[in-house]
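The values are calculated or read from the model by the stated rules, or taken from the named source; none is laboratory data. Bear in mind that the values here come from a model prediction, so they are computed numbers and not experimental data. Ideal geometry is used to build each Cβ from the backbone, glycine not excepted, and the neighbour counts take in all protein chains shown. Remember, those area values only see protein heavy atoms, side chains included, never the ligands or the DNA or RNA. Shrake-Rupley method; radii C 1.70, N 1.55, O 1.52, S 1.80 Å.
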2 protein chains.
Amino acid sequence: MAVMVGEALSRPGGRTAAVRSAVLTATEDALIYRGFAGIDLPEVAEAAGVGKTTVYRRWGSPQALVADLLTDMATQSVSASDTGDLRTDLHANAALVVRTLRHRRQGPLFSALIAASTHDDGTKHALATFYDRRVDEWSTCVTSAINRGDIPRDTDCGAVIRHLSAPLYYQFLTTTCPLADRDVERTVNSTMASVAAEVFSSGPR
Amino acid sequence: MAVMVGEALSRPGGRTAAVRSAVLTATEDALIYRGFAGIDLPEVAEAAGVGKTTVYRRWGSPQALVADLLTDMATQSVSASDTGDLRTDLHANAALVVRTLRHRRQGPLFSALIAASTHDDGTKHALATFYDRRVDEWSTCVTSAINRGDIPRDTDCGAVIRHLSAPLYYQFLTTTCPLADRDVERTVNSTMASVAAEVFSSGPR
């Protein structure tokens, strides 16, 4: 559900990749410090040390820069936990979400992306696609639990992963209370109790 | 957790109250159509049909306008459900959140307020205070359930109410999937299962 990286994203590759990396890092900075409305293509080009025409030709708009950043972020995540124990896997996922949202660059970046998506449909779709991909990746541990016979066969795997993240994002976005280990425990416990109670089962209703 | 009103908020009272009402409605419009960065005091004054100096003297900043709007919204909510059955009360609350977030004015207003709070600490605090008050109001049904002996005595009432809203806001903010009745059922079922499993109990850990 989240990327976790050291400082700015580290993006390897050749000349073209280096230009993209510098431009996306400058886009991140603009989002973090000024928000979506503060993304200015000439400023991004200058901060990235590349020509304005390159940024205009290759991206052309703040929307396109943010969509490309989200595409890039989707490839940068740590691999999903799949240890053979659902509680352990869910704990690893929830702890990663908390580390990301508490991170001094990633936290403001995610809140800026969510804020941007409320006023720009293109960003809303790009962000939703980013989270869909994350949910799919993290769902493998739920599928494994089904295959082991640990949880009901008709469990909606994506719904489990979204349920796990929801209280963490909600607290992050609507309170001034910092996320803590206790919040990880609570959402893991709630998710496990809900799976056991077949809340995410798609059977006859 | 949410106000639900017909069109713009209906704000009764005398001359001073009428000015405030018109200014706050204009502030809502600015937030909905242009976002926090688009709140311009002279434009708010003009849209409200009041003098610029009134708006500058009485509010003075976009932050102050939004903080006053949130204070006003906190007094406009429908009363909390407290029927004697916790599931019924939680269902009423979750259904109200969904109606509010799907409402053509209230939905964009809440997303604009959340977006604004990611870039302005004053708005973040005002929004958190708004939600704290809502949570307190809605928590009475959980307190009643404790008093009836229906749920564990050490249940954290506010945590139950926040858990109920979290998946609805998370879906609203990070997906393009519209909220539906099914989402109400699911968060009620998850919350009831979590209460029964003592996820929100504050006992020894």
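Remarks
- In summary, helices (runs of 4 or more DSSP H) completely within region B:19-113 and bearing 2 or more residues that are buried (at least 21 other Cβ atoms within 10 Å of the Cβ) and modelled with pLDDT of 95 or more occur at B:41-48, B:62-74, B:86-102.
- Only residues that are part of a helix (DSSP H, G or I) and touching a residue at least 60 places away in the same chain (Cβ under 8 Å) were counted across region A:138-159, and they come to 4.
- Qualifying residue in region A:118-137 (condition: in contact (Cβ under 8 Å) with a residue 60 or more places away in the chain, of a type in the set (S, T, N, Q) and in a helix (DSSP H, G or I)): yes
- Among residues of region B:176-199 that are within 22 Å of B:Q106 (Cβ to Cβ), those with a beta-carbon under 8 Å from a residue that is among the hydroxyl-bearing types (S, T, Y) at least six positions away or on a different chain give the pairs B:T187/B:S165.
- When residues of region B:114-127 are limited to those that are under 15 Å from A:T175 (Cβ atoms), facing another protein chain (nearest Cβ under 8 Å) and open to solvent by 20 Å² or more (accessible area, probe 1.4 Å), the one farthest from the chain's Cα centre (by Cα): B:T118
- Leading residue by the ranking (farthest from the other protein chains (Cβ to nearest Cβ)) among those in region A:161-191 that are open to solvent by 50 Å² or more (accessible area, probe 1.4 Å) and part of a helix (DSSP H, G or I): A:D181
- Among (1) over 11 Å from the mean Cα position of the chain (by Cα); (2) under 18 Å from A:Q171 (Cα atoms); (3) within 14 Å of chain B (Cβ to nearest Cβ), the one test that A:Q106 misses: (1)
- Of the residues screened, B:G149 is not one that is closer than 20 Å to A:D183 by Cα and more than 10 Å from every other protein chain (Cβ to nearest Cβ).
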